[in-house]
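Where a number appears in this text, it was derived from the coordinates with a stated rule and is not lab data. Since the model is a prediction, treat every value here as computed from it, not as a measurement. Glycine gets a Cβ as well: all are built from the backbone with ideal geometry, and neighbour counts include every protein chain shown.
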Amino acid sequence: MLVGLVGKPSAGKSTFFSAATLVDVAIANYPFTTIEPNKGMGFVRVECIDKELGVQCNPRTGFCKNGVRYVPVELLDVAGLVPDAHKGVGMGNKFMDDLRQADALIHVVDASGGTNEKGEEVPAGYHDPAVDVEFLEKEVDLWFYGIVQRNWGKISKTPYKSTSEMHDAIAQILSGIGVTPFHIETAIRKTGLAERQMRDWGEADILSFAKFLRAHTKPIIIAANKCDKPHAFENIAALKKEFPHLKIIACSGVAEMALRKAARDGAIEYYPGDSDFKVLKELSEAQGKGLEFIRQNILKKFSSTGVQQALDETVFGILKYKAIFPAGVNKLEDQHGNVLPDCFLLPGDATALDFAFKLHSDIGSNFIKAIDVKTKQLVGKDHVLKHRDAIEIAFAK
């Protein structure tokens, strides 16, 4: 699972990344602070199953607090995107190459309108953030179009023996951007191009095909950042009205970073996604005022800083992944004594056999049966798993 953070320079991508991962990165209010992509681990929240099974979990990765399991996901913060990036303008070529393996994109937008299309600082409210939403989607769509177009001669002129062979072959050519045969089949069908030979497709047809592939292999969620700044509240409301098809979440990367650092230092009790925090020790006057500002102007107004919600919505809402716990009917701990040590994120249509292969290729290849640990019922290899299932896999050794 790889989530890419995208946006124009100075919109707050790197601050969002640092807040989500607590990885220190270069943050400055000028374009192209980020040159090389930053990688780190964020987390998504899952209601843990330990209480249902009458145990206290002890994860090997991530952590669990107050019945909420924090499951790691990889985040990638790439160079800022400017208009015509798909043509190589700015850091465009590098930006696009860095995103090839991303499963989804979080577009961090300056909701206050305080940076122009180039990422240069302007008075709050001067720039319309709707322009940023439109231009980034257009740039990524045109990047996909460029890749498809460069390969179009090979795609359209190859003689295929069957439709399935065609889908497989095209997916192989476009596999570098995460395209599968299912995406190809669905794109051709949904765009109304199934009845026409590919050699007869025009530029508009190819663009429509490429845009569909982008939307389904690199879906975008909007993190409306700097939500505490002047003009942000009304701008976020306008964005939601103008782009009803997009998930738009108000957020403040700066606030989340301040809360998480204060929690790390033991000053407050706070966990990502919480709607409030608890002061644990005496604060300096400046820190006290800063945290109270966050409470009054962000947490009470928006119910959270939005950073954690953006990650959760990306994985479980947009990508529709589910969390599956490996476990045994009679044994919930691993050889090191970790109880319910792992939690895996799988696509929404994943089966028991898919889960077996996720654990290890040998387990999948030698699959015998699966058991639902909660119900103690056998399930077949083609059984579609549910979010928060606990599954034991039996395999030939």
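Brief remarks follow.
- Annotation for GLU203 and ASP265: the two label points, set 7 Å from Cα along the Cα-Cβ direction, are 5.7 nm apart.
- Loop-located trypsin sites (Lys or Arg not before Pro) across the stretch 132-228 with a Cβ neighbour count of 15 or fewer within 10 Å are LYS161, ARG196, with loop assigned by DSSP.
- Maximal additional length on extending the GLU242-SER303 stretch stands at 19.7 nm, based on 0.36 nm per residue less the C-alpha distance.
- Taking a sphere under 14 Å around the Cβ of LYS301 and counting the other residues whose Cβ falls inside, with K and R at +1 and D and E at -1, yields a net charge of 0.
- Local net charge near HIS336, Cβ-Cβ under 14 Å (Lys/Arg +1, Asp/Glu -1): -1
- Under the span-like rule (Cα at least 18 Å along the axis, Kyte-Doolittle mean at least -1.0), DSSP H helices of the chain: 129-150, 203-217
- Local net charge near LYS229, Cβ-Cβ under 14 Å (Lys/Arg +1, Asp/Glu -1): -2
- Cross-link reach list, lysines versus LYS51, counting only Cα pairs under 29 Å and skipping chain neighbours closer than eight places: LYS65, LYS278, LYS320, LYS322, LYS331, LYS358, LYS369, LYS374, LYS376, LYS381, LYS386
- Estimated distance in nm for a label pair at GLN287 and ILE368, the labels positioned 7 Å out from Cα along Cα-to-Cβ: 5.6
- 18 Å tail of the calculated P(r), the stretch 325-395, as % of Cα pairs: 31
- Between ARG196 and GLU120, the simple spin-label model (points 7 angstrom out along Cα→Cβ) gives 4.2 nm.
- Taking 18 Å as the straight-line reach from the Cα of LYS154, the aspartates and glutamates in range (excluding those fewer than 8 positions away in the same chain) are GLU165, ASP168, GLU185, ASP200, GLU203, ASP205.
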